[in-house]
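Here's the structure we're looking at; comments come further down.
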Amino acid sequence: MVVELISVGTELLLGNIVNTNAQYLAEQCALLGMSMYSQTVVGDNKNRLAEAFRTALKRSDIVILTGGLGPTEDDLTKEVCAEVMGIPLVDDPHTRERLRAYFEGSIYKEIPENNWKQAQVPAGAKVLDNDNGTAPGLIMEKFGKSAILLPGPPDELHPLFQEQVVPYLRALRPEYIFSRMVKICGVGESAVEDKLLDLIDQQTNPTIATYAKIGEVHVRVTARAADEEEAKKLIKPVVKEIRSRLGDNVYSVQEGETLEMAVVGLLKKHGLTVTTAESCTGGLLAGRLVNVPGASEVFREGFITYANKAKRKRLDVSKSTLKKYGAVSEQTAREMAMGGVFATDADVCVAVTGIAGPDSDGDKPVGLVYIACYMDEKVRVEQYQFRGNRAKIREQSVVKALDLLRRTILDSDRGK
C-alpha cells in the first residue's frame, strides 16, 4: 500500500516554519508498514495544489494532506481536493454545532463569519473531530483511493492522526503491522550494524532497519502477521537477541521513551537525586531532564556556570585549577561535578564544560568537551571531540552527558 504526503503552505516553501509534520507522518506511516515514495510541499495556490493532488492520486493509494484547512481565503485544501475528486461540499450540522460550542467556551464569544466555512465538508466524507482546534480532519474515498486531510498545527495533527487515522489505516490492510524500536546510545550506527549484520542479511519477517540520530542509533524491528499478538511474538526473540548483543548500550525498547525519560526512570528506581553543572551547554542538559514528567522527584538543582567566576563561586572549582588547566579541562569538569554534589547534597552530579565555537580557545579546538559524573565518591570523566556547528556540538554534549549519567548508575553498586 503506497501512501504519499502533500504539505500545504507557502510558509513552508519560504522556510518560515520547519516542516515537522512531514517527519512525523513519514515515521508513523513506516511504523504502519506503508510505503512512501514521494513527498510534496506546495504553496497556497489553487492550480498548483490541484496539480500536485492529481499526480499523487495517480501513483499512490492514499494521499495525506496537511495544512490549508483554516477559515481564511488562502486555506484551499478541502475545496481543491473535493473539486479534483468530483465531490460537492455540503453543510455538516455536527461540525457546525462543534464550532458553535468551541467559540462559546472560549474568550471569543462571537463566531467570525469565515469560520462557518469549516462546517462545509465533502459529501460522504468521514469527519474527524478536532478537540484542539476548529478545523476538522477529513477522509475522502473514491475510485479505490483515499485522501486524508489533516490540520497543520502539530498539536492538532498528532492526536487526530493517532486516535482516528491510525485505526482507519490499520483497517485498510489485510495484515497487521507492528514495530518496536530498540534505542541505543554510546555506539555509532556502523558499529551497531556490524554487530547485527547477520540478522540484517537474513531478515525476512521481522525486518530490521537502523537509523542514526544525534548521539543515538535506533533499530526498528517490524513484523507482519494476522494480528497484533502474533506480530509481537515474532518480534520478541529478535529484540531479545539485539539487546543481548548490544548490552547496556540499549537504553530503551519502550514506545515513545526518550533517553532523558530512561535516565529519570533509572534515578527513581534507585532512589537517587541529581544535580547538573553546565558551562557550554548553558542549561540544555537540565532542560532535557525537567521536560520529563515526574522529574521533580529526582532533580535537585541545575547550575549554569558559564564564567570562571561562577564556577568558583557556585561549584567551588579552585582558582589554581582554572589557571593551570583552563575552564575546558578534565580537572575542571571533575571539580564541577564534585562541587555540584557538595553544594546541593545530591546523590549524583553530571557536569559539562567545552568549546562549542565558533572560535577555538588557544590550542584547544572547537568541539572539545569534557563531561564528568560524580557518584559514591567516585568521578568519571570523558573527553570528546565533537564535529559540527555550535548547536550540534551542544546537543551531542547533552546526549553524552545523559548517557554517562545512565552508565554511572548502572555500573554502581546500586545499579547492579
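The values are calculated or read from the model by the stated rules, or taken from the named source; none is laboratory data. Being a predicted model, the structure only gives us computed values, none of them experimental. Note that each Cβ is placed from the backbone with ideal geometry, even for glycine, and that neighbours are counted across all protein chains shown. Note: areas computed on protein heavy atoms with side chains; ligands, DNA, RNA excluded. Shrake-Rupley method; radii C 1.70, N 1.55, O 1.52, S 1.80 Å.
Note on segment 281-300: residues that are in contact with a Ser or Thr (Cβ under 8 Å, 6 or more places away or on another chain) and on the phi > 0 side of the Ramachandran plot amount to 0. Here Thr40 meets the list (1) farther than 30 Å from Val219 by Cα; (2) open to solvent by less than 50 Å² (accessible area, probe 1.4 Å); (3) hydroxyl-bearing (Ser, Thr, Tyr) almost entirely, failing just condition (1). For segment 376-416, which residues satisfy the criterion of being of a type in the set (A, V, I, L, M) and open to solvent by 10 Å² or more (accessible area, probe 1.4 Å)? Matches in segment 376-416: Val379, Val381, Ala391, Leu410.
Taken together, Thr72, Thr95 contain a single residue that is among the polar types (S, T, N, Q) and surrounded by 21 or more Cβ atoms within 10 Å (Cβ to Cβ), which is Thr95. Just one of the numbered conditions (1) closer than 22 Å to Ala22 by Cα; (2) open to solvent by 40 Å² or more (accessible area, probe 1.4 Å); (3) under 30 Å from the mean Cα position of the chain (by Cα) is not true of Lys58: (3). The criterion of being of a type in the set (Asp, Glu) and at negative phi holds for Glu382.
Candidates in segment 339-360 are the residues that are in contact with a Leu (Cβ under 8 Å, 6 or more places away or on another chain) and in a helix (DSSP H, G or I); of these, the one that is surrounded by the fewest Cβ atoms within 10 Å (Cβ to Cβ) is Ala343. Only a single criterion out of (1) over 33 Å from the mean Cα position of the chain (by Cα); (2) more than 19 Å from Asp44 (Cα to Cα); (3) at pLDDT below 90; (4) of a type outside the set (D, E, K, R) is not satisfied by Asn114, namely (2). If the condition is being under 15 Å from Val348 (Cα atoms) and either among the polar types (S, T, N, Q) or open to solvent by less than 50 Å² (accessible area, probe 1.4 Å) (or both), then segment 297-313 contributes Val298, Phe299, Gly302, Phe303. The residue that is nearest to Gly302 (Cα to Cα), among those in segment 365-410 that are among the aromatic types (Phe, Trp, Tyr) and more than 24 Å from the chain's Cα centre (by Cα), is Tyr374. Check segment 216-229 and report whether any residue there is loosely packed, with under 15 Cβ neighbours inside 10 Å and either without any contact (Cβ under 8 Å) to a residue 40 or more places away in the chain or closer than 30 Å to Pro136 by Cβ (or both). Yes: one or more hits. Annotation note: of Asp61, Asp129, Asp74, the sole residue that is among the charged types (D, E, K, R) and in contact with a helix residue (DSSP H, G or I) (Cβ under 7 Å, 6 or more places away or on another chain) is Asp129. Restricted to segment 100-111, and to residues there that are modelled with pLDDT under 80 and within 34 Å of the chain's Cα centre (by Cα), the residue that is nearest to Thr72 (Cα to Cα) is Tyr108. Pull out all pairs, ordered by first then second residue, where Cβ-Cβ is under 9 Å, the residues are six or more apart or on different chains, the first lies in segment 1-14 and is under 28 Å from Leu172 (Cβ atoms), and the second is open to solvent by 10 Å² or more (accessible area, probe 1.4 Å) and among the basic types (Lys, Arg). Here the result reads Met1/Arg173; Val2/Arg59; Glu4/Arg59, each pair linking segment 1-14 to a residue that is open to solvent by 10 Å² or more (accessible area, probe 1.4 Å) and among the basic types (Lys, Arg). Kindly indicate whether any position in segment 226-235 is touching a Pro at 6+ places or on another chain (Cβ under 6 Å), of a type outside the set (Asp, Glu), more than 27 Å from Leu410 (Cβ to Cβ) and in a helix (DSSP H, G or I). So far as segment 226-235 goes, yes, one or more of its residues are touching a Pro at 6+ places or on another chain (Cβ under 6 Å), of a type outside the set (Asp, Glu), more than 27 Å from Leu410 (Cβ to Cβ) and in a helix (DSSP H, G or I). If you filter segment 259-296 down to residues that are among the β-branched types (Val, Ile, Thr) and free of Cβ contacts under 8 Å to residues at least 60 places away in the same chain, you find that the one that is surrounded by the most Cβ atoms within 10 Å (Cβ to Cβ) is Val264.
Per this entry, Lys232 is not counted among residues that are of a type in the set (Lys, Arg), loosely packed, with under 15 Cβ neighbours inside 10 Å and either in contact (Cβ under 8 Å) with a residue 24 or more places away in the chain or over 22 Å from Gln203 (Cα atoms) (or both).
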